[in-house]
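Here the structure is laid out as structure tokens; the discussion comes afterwards.
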Amino acid sequence: MNDPHARGNNKGAARCPLRGRTRPLGRPCGTGLTALAALLVCSVAFAQSPNFDAMRGRTPVADETKPPLLTNPENKDLRRERAYSMQPPTIPHKIDNYQVDLHVNACLGCHSRGRAAVTQAVAVSVSHYMDRDGNFLAEISPRRYFCEQCHVTQVDAKPLVGNRFVDVDEVIKQAVAPAKPPVKK
């Protein structure tokens, strides 16, 4: 090895590509140690700082978030328009302490087909009495027994996202309506 920068005997030495100095073979270049030390310092700092996720706000990823307070459901007993086609109807009254489990469904006390006329409640749709093959059953289908899987209470809250849904009846009405003549100015 003819290295003009090398000092002394160069046998068993290598030149550090980053610093330009010679070093004994088997001994790491100084920049490798520096990079390793920097990596160690960064990993310790990262482990000590809490990780945040934009969707969770200022709650660290390892911690549980506090759920927002529930708002009071409406209790007007008025049926709302549906926001989209095939939307399950919302529940227009409070259902606090309603028992719906494997043995009891408090909703059916008013909404079953046999009780709806007496209670003046809306009867459960016939689709809830069908099994997955379309066969009609004498009782509510087990797939439709837990009402709150699809139906939710109404809350007077600002929508989280915009909605441009137009009911099919409104679309037909607009299509059939005669075109209005242009307004003269």
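The values are calculated or read from the model by the stated rules, or taken from the named source; none is laboratory data. As the structure is a computational prediction, the values presented were derived from the model and not from experiment. Reconstructed Cβ throughout: ideal geometry from the backbone, glycine too, with neighbour counts over all protein chains shown. To get the accessible areas, we keep the full protein, side chains included, count just its heavy atoms, and leave off ligands, DNA and RNA. Shrake-Rupley method; radii C 1.70, N 1.55, O 1.52, S 1.80 Å.
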Q: For Met86 paired with Arg58, estimate the spin-label separation in nm (one decimal), with each label point 7 Å from Cα along the Cα-to-Cβ line.
A: 4.4 nm
Q) Which cross-chain or sequence-distant (5 or more) residues have an amide H under 5 Å from the amide H of Ile91, H modelled 1.01 Å from N in plane? A) Val152, Thr153, Gln154
Q: Can you send over the solvent-accessible area of Val152, 1.4 Å probe, protein chains only, in Å² to the nearest 10?
A: 80 Å²
Q) Relative contact order of region 59-159: what whole-number percent is it, with Cα pairs under 8 angstrom and at least 6 residues apart? A) 29 percent
Q) Between Asn51 and Arg132, what is the spin-label point distance in nm, taking each point 7 Å from the Cα along the Cα→C-beta axis? A) 3.7 nm
**Q.** Heavy-atom accessible surface of region 121-185: percent carbon and sulfur, 1.4 Å
**A.** 59 percent
